[in-house]
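K.L.:
This structure is in structure tokens; I'll ask about it shortly.
The values are calculated or read from the model by the stated rules, or taken from the named source; none is laboratory data. Note that this is a predicted model, so its numbers are computed, not measured. Because the Cβ atoms are built from the backbone with ideal geometry, glycine has one as well, and the counts that use them run over all protein chains shown.
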Amino acid sequence: MAEAIKNHRQFTDNELIIATHNQGKLREIRALLSDRNIAVTSAGEHDLEEPEETEDSFTGNAILKARAAAMATNRPALSDDSGLVVPALGGAPGIYSARWAGNSKDFAMAMGRVEQELIASGSPDRDAHFICALSLVWPDGHDETFVGRVDGQLVFPPRGDRGFGYDPIFIATGYDITFGEMEPALKHSIGHRADAFSQLMAACFGDHDPAG
């Protein structure tokens, strides 16, 4: 474990750009960084346009977005690319999770589309998982990227008005409420973003478990 940690670049700056315009993601990441003496600002606060996501994976898109912000601001940038993966739909919506919500970010519409496509598929399988690729990129182009995952089941109709995105239709394994019904602090501790974030903190911020 210790040897692996030494191979990762350590974050020593006092400012970090969060390369997102998604307020829900920004809130989650800010909460995860709340105990750090780091000035956290968003891409929107720097008037950065969202780059076109042209990669074919969560990891590729996370690196692309973080690199664009780091180059534009000359500061380290952190980007998340995440989405809902439904095996019964061949992995959709996957990297297109946000696009299913359209330009208006209408996730009620997106969740309805998931339900309709599952019905049309004829499959009773409601397994799903969230994936989060989290990429930290420095202005010199170096990146440290980690992937988190949380497994669960889909439920319809949507339940709860907490969280964001597809949270109201997702129940994590071992729980009986959706992410949309869950207290934010609990979701932050068990979700895909928290999984990726804990890997990032262990590798680049020295937050490893001495017993690990």
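K.L.:
Restricting attention to the range 70-100, report how many residues are of a type in the set (A, V, I, L, M, F, W, C), free of Cβ contacts under 8 Å to residues at least 60 places away in the same chain and either outside any loop (DSSP other than H, G, I, E, B) or at positive phi (or both).
P.N.:
6
K.L.:
In addition: When you look at PHE205, is it within 14 Å of ILE29 (Cβ to Cβ) and either aromatic (Phe, Trp, Tyr) or at pLDDT 95 or above (or both), yes or no?
P.N.:
yes
K.L.:
Sticking with this one: If I filter the range 120-137 for residues that are buried (at least 17 other Cβ atoms within 10 Å of the Cβ), over 14 Å from the mean Cα position of the chain (by Cα) and among the acidic types (Asp, Glu), do I get at least one hit?
P.N.:
Within the range 120-137, none of the residues are buried (at least 17 other Cβ atoms within 10 Å of the Cβ), over 14 Å from the mean Cα position of the chain (by Cα) and among the acidic types (Asp, Glu).
K.L.:
On to the next question. Looking at (1) surrounded by fewer than 17 Cβ atoms within 10 Å (Cβ to Cβ); (2) in a helix (DSSP H, G or I); (3) in contact (Cβ under 8 Å) with a residue 60 or more places away in the chain, find the lone condition where LYS65 falls short.
P.N.:
(1)
K.L.:
Output the residues belonging to the range 33-59 that are assigned to a helix (DSSP H, G or I) and surrounded by 14 or more Cβ atoms within 10 Å (Cβ to Cβ).
P.N.:
If the condition is that a residue be assigned to a helix (DSSP H, G or I) and surrounded by 14 or more Cβ atoms within 10 Å (Cβ to Cβ), then GLY44, HIS46, PHE58, THR59 are the ones that fit.
K.L.:
Let me ask another. Going by the structure shown, is LEU16 in contact (Cβ under 8 Å) with a residue 60 or more places away in the chain, surrounded by 14 or more Cβ atoms within 10 Å (Cβ to Cβ), within 20 Å of the chain's Cα centre (by Cα) and not in a helix (DSSP H, G or I)?
P.N.:
Criteria met by LEU16.
K.L.:
What do you reckon, is ALA185 at pLDDT below 95 and over 22 Å from PRO87 (Cα atoms)?
P.N.:
On the way: at pLDDT below 95: yes; over 22 Å from PRO87 (Cα atoms): yes.
The answer is yes for ALA185.
K.L.:
Additional query: Across the range 176-188, what is the number of residues that are crowded, with 17+ Cβ neighbours inside 10 Å and out of contact with any helix residue (DSSP H, G or I) (no Cβ under 6 Å at 6 or more places or on another chain)?
P.N.:
Selection size over the range 176-188: 3.
K.L.:
Kindly indicate whether any position in the range 22-32 is farther than 21 Å from HIS188 by Cβ, part of a helix (DSSP H, G or I) and within 17 Å of the chain's Cα centre (by Cα).
P.N.:
So the first thing to find is which residues in the range 22-32 are farther than 21 Å from HIS188 by Cβ, and the list is none.
No.
K.L.:
Restricting attention to the range 188-211, report how many residues are over 15 Å from ASP80 (Cβ atoms) and part of a loop (DSSP other than H, G, I, E, B).
P.N.:
The total comes to 7.
K.L.:
Looking only at the range 164-175, which residues are part of a loop (DSSP other than H, G, I, E, B) and crowded, with 21+ Cβ neighbours inside 10 Å?
P.N.:
Of the residues in the range 164-175, the ones part of a loop (DSSP other than H, G, I, E, B) are 164-166, 173-175.
Correct list: GLY165, TYR166.
K.L.:
Further, regarding this structure: Take the residues in the range 73-94 that are in contact with a Ser or Thr (Cβ under 8 Å, 6 or more places away or on another chain) and crowded, with 22+ Cβ neighbours inside 10 Å; name whichever of them is modelled with the lowest pLDDT.
P.N.:
The residue in question is ASP80.
K.L.:
Follow-up. Listed residues GLY148, GLY152, GLY165, GLY160; which is under 24 Å from GLN23 (Cβ atoms) and without any contact (Cβ under 8 Å) to a residue 24 or more places away in the chain? Working first, answer last.
P.N.:
On the way: GLY148 fails: without any contact (Cβ under 8 Å) to a residue 24 or more places away in the chain; GLY152 fails: without any contact (Cβ under 8 Å) to a residue 24 or more places away in the chain; GLY165 fails: without any contact (Cβ under 8 Å) to a residue 24 or more places away in the chain.
None of the others qualify; the one that does is GLY160.
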